[in-house]
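Working notes for the structure below.
Each reported figure results from applying straightforward, stated rules to the coordinates on display, with no laboratory input. Treat the numbers as computed from the prediction; the structure is a model and nothing was measured. Note: ideal-geometry Cβ built from the backbone for every residue, glycine included; neighbour counts use all protein chains shown.
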Amino acid sequence: MSYSFPMQEKPALRPSVAVGEALRGVARDILAEARAAIEDSTKSDADAVHDFRRAMKRWRALLRLVEPFLGEEARRLRDEARDLAHALTGARNAQSALDALADLEKHGLALSARSVAGLRQRIDGIREAAETTLNADMRLRLGSALDQAAIVVERWPLHTLTFDDIADQLTRFYRDARRMIPTHWPDTDAEELHELRKRVVIHRYQIDIIEPLWPRFVKMWSGEAQRLRDRLGKHQDMLMLASLTGPHQPLARWRSRLATAIAERRAAHVTGAARIAARIFVEKPNALRRRLDAMWTVGR
């Protein structure tokens, strides 16, 4: 059995590579992605922050997967990754509001072009004031954290792991997400939908590591999970825009003109999310577990 990846292959679980070494390869790949985000001089600060935060989501999803086999060390790395990502949140809320405004514009927002421009300018001002600058100190902090994580990864005691161990974990996180699917979507609290989105993100990044076992199917599956994540994210964006129109908030004077449009788009995103979730989570967890076994067996 090979214990390394050919240069052209993206690290993932495949029968030709020991499970523990495959996971170590995935970890290295994620940390390399995060490092590239902050070291690429051609990226704007906003793009670098976005790419780094995305890598941290992948990283935390992997750490959740291996945490039962690594214990406190994995939990510590996961908490540190969360803190690093939060330190870069900066203008995220204002950007969400801008994304929501763009969404409303695409669906017949009943405001003049002048009013929309005024709204966008006001939100842009909020975003610029909150924007995180990736200065030398911040880049040094992030790079140092990545260095330490890379050292720890090489010490992970993963040599006894089997595919069954990982399949059990994948099934567990699928079950966690599936349990959060609302019984009646229109009445679901916004916080519950936000929690569902977080679990969908975890599932989406975890499922990517088995892509070589059935590439076409897993790409479709991962793509649908991303679509669900996006729908729930757009719902969250609408909530953020709505919050800025509240009393004494920067966009309060637009509240009456935006409230109905926001409510309609929120409802549309909830309906869309419900359709996608029904497809992704149609299988019961035990059925998924059997599917994973079959994918691994056939791949040998």
**Item:** For ASP237, ASP293, order by how many other beta-carbon atoms lie within 10 Å, fewest first
**Value:** ASP293, ASP237
**Item:** Cα centroid separation - region 215-231 against region 68-140, whole Å
**Value:** 23
**Request:** Find out how many positive minus negative residues lie around VAL282, taking Lys and Arg as positive, Asp and Glu as negative, among other residues whose Cβ is under 13 Å from that of VAL282.
**Result:** +3
**Message:** Among [x] 58, 50, 34; [y] 65, 48, 33; [z] 54, 39, 36, only one was calculated for this model; which label is it, if the read-out is Cα extents along the principal axes in Å?
**Reply:** [y]
**Asked** In angstroms, what radius of gyration and Dmax does region 108-160 have, counting Cα atoms only?
**Response** 22.1, 64
**Asked** What would the Debye formula give as log10 I(q)/I(0) at q = 0.23, 0.27 Å⁻¹ for the alpha-carbon point model of region 247-300, no solvent?
**Response** -0.90, -0.97
**When each of LYS43/LYS106; LYS43/LYS234; LYS57/LYS234 is checked by Cα-Cα distance, pairs over 21 Å** = LYS43/LYS106; LYS43/LYS234
**Asked** Cross-link partners among aspartates and glutamates for LYS219, C-alpha distance below 19 Å, same-chain residues fewer than 8 apart left out?
**Response** GLU9, ASP29, ASP208, GLU211, ASP230, GLU283, ASP293
**Item:** Fraction of the pair-distance distribution of region 162-300 above 26 Å, Cα-Cα pairs, percent
**Value:** 34
